[in-house]
Every structure is written in structure tokens, then in C-alpha cells.
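Asks: Below you'll find the structure I mean.
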Amino acid sequence: MTVLRIEHLSFGYSKERLIFEDFNLVVHKGEVVSIVGPSGVGKSTLFELIAGFLKPLAGSIWVDRFSSIFQDPYTSFHPSYTILDQIAEVCSIEGIEEVASQMDIDPTLLQKLPHELSGGQLQRCSILRAIQMGPKLLLADEPTSALDNVTSLKVMKLLLSYLDRVGILLITHDMDLAKWCSDRVVKLGTESGAAPQVLFASDLEAL
């Protein structure tokens, strides 16, 4: 099942300097596709294009129902409302305590304010919110960059446990992480309009 299809995408903040030119990408349910590259090559711009925050200059983006996991969990929650209240604003909370327990989240944490949780706890709550929204595609923008190594591993294993129902587009600067979890890696170039390099699992094993 296709959950994301990008065809002949062109985009730049000016027509004279394109970040993407004739860019194509397909993501299916059950697979992880990572977008990697150094800062400034367009990883987060691609995220914003898929989410609809930016409009392509040319080409098309079709995406099934999606939800997002952001880099900094503290800025993805309002500081003045409980976690549960904020999840309830965007989706049903029916059965949420059972799902929280499966994700190693003490249900009592959902009654707390964001600043009362650790970074790892809050990022798991961010994933809980994203999953509770019932997406077909998870857009994960540097979801572990603010976490320590142990917590990062737990968060990634948690994300991968949902591949039976979603596809994951992971945006990261961490090539080791991408190699570990991805079916394909799209390596963005450093030059404007440069063609992305697509690496498959067999290619990644050789790196």
C-alpha cells in the first residue's frame, strides 16, 4: 500500500536556486525511508512540503493520512495544558491508556504538564499522540536528536514496532541510524538541484 507519492517535485525559495528539481519518492506501508544529508540541503523543507506548509513550484505530492513527530518534544506541546488534554484536541483518546501502557508510558504521566516529564517520556508521549491519530504515514523529523543514546534506541524501537500499520519517513542527519533502521536511504546532495542518491538495504550493508 502506497502512503506517500512524490512525482517530479521542484521547489526553491527562489526560482533561480532550486532545492529540489524533478524529485521523486514513494513510501509504502511497512517500510522505513530515511532522508539524510547535512544541514541546509532541504531535509526539513521536504517535511514541510509533504505536510502542506509549503507549496511545490512544480510536480505533485500525494500523501495518505499522516501524523508528525518533531525533533524537540518540549516545543511540540503547549506548556500550560496536560498531555492528555492536548492529545484529546487532535484525536480520540478512546483506549489511550492501554496503548500508553504498551508504549511503556505510565498512564498517570498523561495527566501531567509537559515540563513535569523527562525528554524521553515526553517524546514517547509525542509518538503516542501521533499513533493515536491513526496515520498511514509517520513523518519523523529528527525524533531522537535531543535524546541520549539509550533513550534514542528505545524511541526508535518503539517507532519500528508500528510498521505493521504505517510507513515511516525519517528525516535525520545520522547516517548510522538511517543504515540501522531503513529499507532505503535518500541522500540529499549539497549542491542546488543535485540529484538525490538512493541507497537500498543491500547498498547500506556495504557502507
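The values are calculated or read from the model by the stated rules, or taken from the named source; none is laboratory data. The structure presented is a predicted model; accordingly, all values stated were derived computationally and were not measured. With ideal geometry, Cβ positions are generated from the backbone for all residues, glycine too; neighbour counts draw on all protein chains shown.
Asks: Assess whether VAL155 counts as being touching a helix residue (DSSP H, G or I) at 6+ places or on another chain (Cβ under 6 Å) and of a type outside the set (S, T, N, Q).
Replies: Numbers: touching a helix residue (DSSP H, G or I) at 6+ places or on another chain (Cβ under 6 Å): yes; of a type outside the set (S, T, N, Q): yes.
Yes; evaluated as a whole, the condition is true for this residue.
Asks: Among the residues of region 156-177 satisfying the criterion of being modelled with pLDDT under 90 and among the hydrophobic types (A, V, I, L, M, F, W, C), which is surrounded by the fewest Cβ atoms within 10 Å (Cβ to Cβ)?
Replies: In this case the residue turns out to be MET175.
Asks: Are any residues in region 40-52 more than 17 Å from LEU138 (Cβ to Cβ) and either exposed (fewer than 15 other Cβ atoms within 10 Å of the Cβ) or outside the structural domain of ILE6 (by TED's automatic domain parsing) (or both), and if so, which ones? Give the steps one after another, and end with the answer.
Replies: Restricting attention to region 40-52, the residues satisfying the condition of being more than 17 Å from LEU138 (Cβ to Cβ) are 40-42, 45.
Matches in region 40-52: GLY40 only.
Asks: Filter region 91-112 down to residues that are assigned to a loop (DSSP other than H, G, I, E, B), exposed (fewer than 12 other Cβ atoms within 10 Å of the Cβ) and of a type outside the set (Asp, Glu), then give me how many there are.
Replies: 2
Asks: Sort through GLU31, GLU16 and tell me the only one that's acidic (Asp, Glu) and surrounded by 15 or more Cβ atoms within 10 Å (Cβ to Cβ).
Replies: Numbers: GLU16 fails: surrounded by 15 or more Cβ atoms within 10 Å (Cβ to Cβ).
Result of the check over GLU31, GLU16: GLU31.
Asks: Which of the following residues is closer than 19 Å to SER182 by Cβ and without any contact (Cβ under 8 Å) to a residue 60 or more places away in the chain: VAL150, VAL155?
Replies: Details: VAL150 fails: closer than 19 Å to SER182 by Cβ.
Sole residue among the options that is closer than 19 Å to SER182 by Cβ and without any contact (Cβ under 8 Å) to a residue 60 or more places away in the chain: VAL155.
Asks: Among the candidates SER101, SER34, SER68, which residue alone is under 21 Å from SER161 (Cα atoms), in contact with a Cys (Cβ under 8 Å, 6 or more places away or on another chain) and among the polar types (S, T, N, Q)?
Replies: Values: SER101 fails: in contact with a Cys (Cβ under 8 Å, 6 or more places away or on another chain); SER68 fails: in contact with a Cys (Cβ under 8 Å, 6 or more places away or on another chain).
Checking each option against the conditions leaves just SER34.
Asks: Then there's this: Can you give me the number of residues within region 115-153 that are among the hydroxyl-bearing types (Ser, Thr, Tyr) and farther than 24 Å from THR82 by Cβ?
Replies: 3
Asks: Tell me, which residue of region 104-147 that is of a type in the set (Asp, Glu) and in the same structural domain as LEU169 (by TED's automatic domain parsing) is farthest from LEU49 (Cα to Cα)? Before the answer, list the steps.
Replies: First pass over region 104-147, keeping only residues of a type in the set (Asp, Glu): 104, 106, 116, 141-142.
Imposing the further condition that a residue be in the same structural domain as LEU169 (by TED's automatic domain parsing) reduces the set to 141-142.
On the way: ASP141: 13, GLU142: 16 Å.
Among them, the one singled out is GLU142.
Asks: Could you list, ordered by first residue, the pairs with Cβ atoms under 6 Å in which the first is in region 179-207 and buried (at least 18 other Cβ atoms within 10 Å of the Cβ) and the second is among the aromatic types (Phe, Trp, Tyr) and at pLDDT 65 or above, at least 6 apart or interchain?
Replies: ARG184/PHE200
Asks: Of (1) free of Cβ contacts under 8 Å to residues at least 12 places away in the same chain; (2) in contact with a Leu (Cβ under 6 Å, 6 or more places away or on another chain), ILE168 satisfies all except one. Which?
Replies: Every listed condition holds for ILE168 apart from (1).
Asks: Then there's this: Filter region 32-73 for residues that are part of a loop (DSSP other than H, G, I, E, B) and of a type in the set (Phe, Trp, Tyr); which is nearest to the chain's Cα centre (by Cα)? Walk me through it before giving the result.
Replies: Keep residues of region 32-73 that are part of a loop (DSSP other than H, G, I, E, B), which gives 37-42, 52-57, 64-65, 70-73.
After this cut, where a residue has to be of a type in the set (Phe, Trp, Tyr) as well, the list is 53, 70.
Values: PHE53: 15, PHE70: 7 Å.
The extreme case among them is PHE70.
Asks: Another question about this same structure. Taking the options GLU48, GLU89, GLU98, GLU116, name whichever one is modelled with pLDDT under 90 and of a type in the set (D, E, K, R). Before the answer, list the steps.
Replies: Details: GLU48 fails: modelled with pLDDT under 90; GLU89 fails: modelled with pLDDT under 90; GLU116 fails: modelled with pLDDT under 90.
Every option except GLU98 fails the conditions.
Asks: Out of all the residues in region 19-28, which are surrounded by fewer than 20 Cβ atoms within 10 Å (Cβ to Cβ) and either in a loop (DSSP other than H, G, I, E, B) or not assigned by TED's automatic domain parsing to the domain that holds ASP174 (or both)?
Replies: Result: no residue meets the conditions.
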